[in-house]
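**Q** Can you keep this structure in mind? I'll have questions shortly.
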Amino acid sequence: MPENKDNEIVFIGKITASITHEIKNVLASIKELTGLMDDLVAMSDDFPLKDKFQNVLPRILIQIERGAELTKSFNTFSHVPDKKIGTVNLGEVTAHIVYLGQRFARQKNIELILSDSNSSVEIETKPLTLYMALFYVLEFLLDRMNNNGTIKIGSGKQDDGFKINMICEGELTNREEFIREIQTSKDWVFLQSISHSLGSNAEFDEPNNSFVLLLPSVVYSESS
Amino acid sequence: MEQIKILLVDDEKEFVETLADRIKLRDHQADVALNGEQALKKLDDQVPDVVVLDLKMPGIDGMEVLRRIRKAYPKVQVIMLTGHGSEKNEEEAKKLGAFEYLQKPVDIDTLMKKVKLAYKSKFEKSMVAATFAEAGEFETAKDILKEDEEKNQNKK
């Protein structure tokens with residue numbers, strides 16, 4: 001049964017990757033067609049509404065760039081389940097999580113930024129599970145922070161292993177309840193079970209208002 | 001300004017034909033092939049200066065087209081332009097001698113800058129050789145061209 005589940009996830013990833021490639025082609029065509037319009041308008045001295053066109057066309061190009069970035073990110077994400085256990089670059093994963101989490105953070109008026117201490121070390125882990133763990137830590141924080149805060153995400157070495165941390169700069173909605181939830185809530189239990197399957201632990205460093213996910217350099221397949 | 005002969009190879013008809021129109025507006029020559037077979041046939045008919053090549057196409061894929069171009073036309077520079085941007089593909093393309101590996105969608109100014117660089121690099125060695133030949137140093141000129149040829153052979 002678990003193997004079948006894995007196959008299903010890989011299948012979804014494969015089809016998604018294929019579709020994102022097609023979207024890139026669509027965006028590339030729209031970009032060239034818009035560019036051609038821009039070229040033709042620029043070349044013409046008596047084109048009616050020339051100024052208006054020259055104002056609108058660059059704005060279409062900006063949206064195409066935005067679509068291209070999203071598609072690239074979606075494509076990267078679709079390849080995450082390719083390997084059950086594989087090498088991941090922690091710096092790249094944290095940068096990607098910051099990108100993927102932006103929309104969720106924006107809805108709460110919270111700024112999500114990549115920390116200066118982000119490090120590009122590589123570990124052997126379960127890529128999809130790592131993405132899930134990081135996303136749920138982020139969601140746990142976003143659900144319990146007041147508007148206008150900041151979350152800094154970074155990675156680095158810690159003792160014999162590695163860490164990914166999310167530093168919460170801003171007010172928590174209810175600090176006491178937050179501390180209690182870390183020990184008892186269903187969300188936290190779920191988060192810990194994901195972390196354990198990475199051979200990891202999610203910890204809250206209270207003085208620094210920081211979540212830390214401690215990761216081994218190699219995860220063993222039995223950690224599931 | 002020198003007119004560069006560019007062959008664009010991509011199975012996305014709308015994309016490649018529009019790109020060709022934009023290149024022509026910039027006073028360069030642009031021809032289009034919609035698959036690998038068509039591209040190789042066009043190369044046999046008329047050798048371009050630079051080929052802009054997609055990776056995933058029906059029939060002969062971009063990597064195989066690149067391999068064949070480098071073998072049969074070592075002086076032709078190839079720029080890969082693809083929506084399939086894995087590092088592994090980029091590494092393989094560069095190993096096979098691709099001049100540049102770009103991701104779709106690309107800015108036309110960026111593409112043209114790379115095309116001009118590719119075109120320039122094509123002539124760098126032969127220009128140096130020509131300078132020596134003009135000065136009567138034919139053996140040196142021959143050595144430079146031979147070295148260039150060997151370098152291209154090694155890349156294959």
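**Q** So for the pair A:Ile113, A:Asp39, with labels modelled 7 Å out along Cα→Cβ, what separation do we get in nm?
**A** The modelled label-to-label distance comes out at 4.1 nm.
**Q** Given only helices, namely DSSP H runs of n ≥ 4 each adding -39500 (n - 2.57), what is the per-residue ellipticity at 222 nm of chain A, to the nearest 500 deg cm²/dmol?
**A** So the helix-based figure for chain A works out to -19500 deg cm²/dmol.
**Q** Suppose every Lys and Arg Cβ carries +1 and every Asp and Glu Cβ carries -1, with no other charges. What dipole size does the range A:145-224 come out with about its Cα centre, to the nearest 20 debye? Before the final figure, lay out the partial values.
**A** Numbers: 6 positive and 12 negative charges, 38 e Å.
My answer is approximately 180 debye.
**Q** Kindly provide the GluC sites (Glu not before Pro) of the range A:161-224 that DSSP labels as loop, not H, G, I, E or B, and whose Cβ sees at most 14 other Cβ atoms within 10 Å. Walk me through the intermediate numbers first.
**A** Working: sites: A:Glu169, A:Glu171, A:Glu176, A:Glu177, A:Glu181, A:Glu203, A:Glu222; in loops: A:Glu171, A:Glu222.
When the GluC sites (Glu not before Pro) of the range A:161-224 are filtered for loop state and at most 14 Cβ neighbours within 10 Å, A:Glu171, A:Glu222 remain.
**Q** Which shape class, rounded, prolate or oblate, goes with the range B:13-91 when its Cα gyration tensor gives a ≥ b ≥ c as root eigenvalues, a/c under 1.5 marks rounded, and past that a/b bigger than b/c marks prolate? Intermediate values should be presented prior to the final figure.
**A** Numbers: a/c = 1.56, a/b = 1.18, b/c = 1.32.
Oblate.
**Q** Right, another one. If you stretched the chain out fully between A:Glu171 and A:Gln54, how much longer would it get, using 0.36 nm times the residue separation minus the C-alpha to C-alpha distance? Display every interim value, and only then the final one.
**A** On the way: separation 117, 0.36 × 117 = 42.12 nm, distance 4.48 nm.
Full-extension gain reported as 37.6 nm.
**Q** So, one more: What does the helix-only formula give at 222 nm for chain B: each DSSP H stretch with n ≥ 4 adding -39500 (n - 2.57), the total divided by the residues, and the result rounded to the nearest 500 deg cm²/dmol?
**A** -18500 deg cm²/dmol
**Q** Between rounded, prolate and oblate, where does the range A:109-158 land on the alpha carbon gyration tensor, with a ≥ b ≥ c its root eigenvalues, rounded for a/c under 1.5, else prolate if a/b exceeds b/c?
**A** oblate
**Q** Hey, another quick one. Find the accessible area per residue for the range A:76-224; the probe is 1.4 Å, ligands and nucleic acids are left out, and the unit is Å².
**A** 51
**Q** Let me ask something else about it. Could you report the accessible area of B:Asp61 in Å², rounded to 10, computed with a 1.4 Å probe on the protein chains as they sit in the structure?
**A** Per-residue accessible area (B:Asp61): approximately 60 Å².
**Q** Further question: How much accessible area is lost when chains B and A come together, counting both sides, with a 1.4 Å probe, in Å² rounded to the nearest 100? Before the final figure, lay out each step's value.
**A** Values: alone 8920 and 13380 Å², together 20730 Å².
By this definition, chains B and A bury close to 1600 Å².
**Q** For the range B:1-84, which GluC sites (Glu not before Pro) pass both filters: DSSP loop (anything but H, G, I, E, B) and at most 14 other C-beta atoms within 10 Å?
**A** Here the GluC sites (Glu not before Pro) that fit, given the DSSP loop and packing criteria, are B:Glu2.
**Q** Could I ask something else about it? Can you pull out the chymotrypsin sites (Phe, Trp or Tyr not before Pro) in the range A:124-224 whose DSSP state is coil and whose Cβ has at most 11 other Cβ atoms within 10 Å?
**A** A:Tyr220
**Q** I would also like to ask the following. Lys and Arg at +1, Asp and Glu at -1: add these up for the other residues within a Cβ distance under 13 Å of A:Lys163 and post the number.
**A** Local charge sum for A:Lys163: -3.
**Q** Now for a separate question. Counting Lys and Arg as +1 and Asp and Glu as -1, what is the net charge of the other residues whose Cβ lies under 10 Å from the Cβ of B:Gln103?
**A** Charge balance in the 10 Å sphere: +2.
**Q** What part of the accessible area of the protein assembly as shown, given as a whole %, is carbon or sulfur when the probe is 1.4 angstrom?
**A** Taking all protein chains in place, the protein assembly as shown shows 53 percent carbon and sulfur surface.
**Q** What figure in square angstrom, to the nearest 10, would you give for the accessible area of A:Arg175 with a 1.4 Å probe?
**A** Around 100 Å² of this residue is reachable by solvent.
**Q** Here's a follow-up. With every protein chain left in place and a probe of 1.4 Å, what is the accessible surface of B:Leu145, to the nearest 10 Å²?
**A** In the full protein context, B:Leu145 sits at about 70 Å².
**Q** Give, as a single signed number, the net charge of other residues whose beta carbon lies under 15 Å from the beta carbon of B:Asp21, with Lys and Arg counted +1 and Asp and Glu -1. Present the calculation step by step, with values, prior to reporting the outcome.
**A** Numbers: positive: A:Lys31, B:Lys13, B:Arg22, B:Lys24, B:Arg26; negative: A:Glu32, A:Asp38, A:Asp39, B:Asp10, B:Glu12, B:Glu14, B:Glu17, B:Asp27, B:Asp31.
Value of the local net charge: -4.
The values are calculated or read from the model by the stated rules, or taken from the named source; none is laboratory data. Computed from a predicted model, the values in this text were never measured in an experiment. When we count neighbours, we look across all protein chains shown, and the Cβ atoms used for this are built from the backbone with ideal geometry, even at glycine. Just the protein is used for accessible areas: all its heavy atoms, side chains included, with ligands, DNA and RNA removed. Shrake-Rupley method; radii C 1.70, N 1.55, O 1.52, S 1.80 Å.
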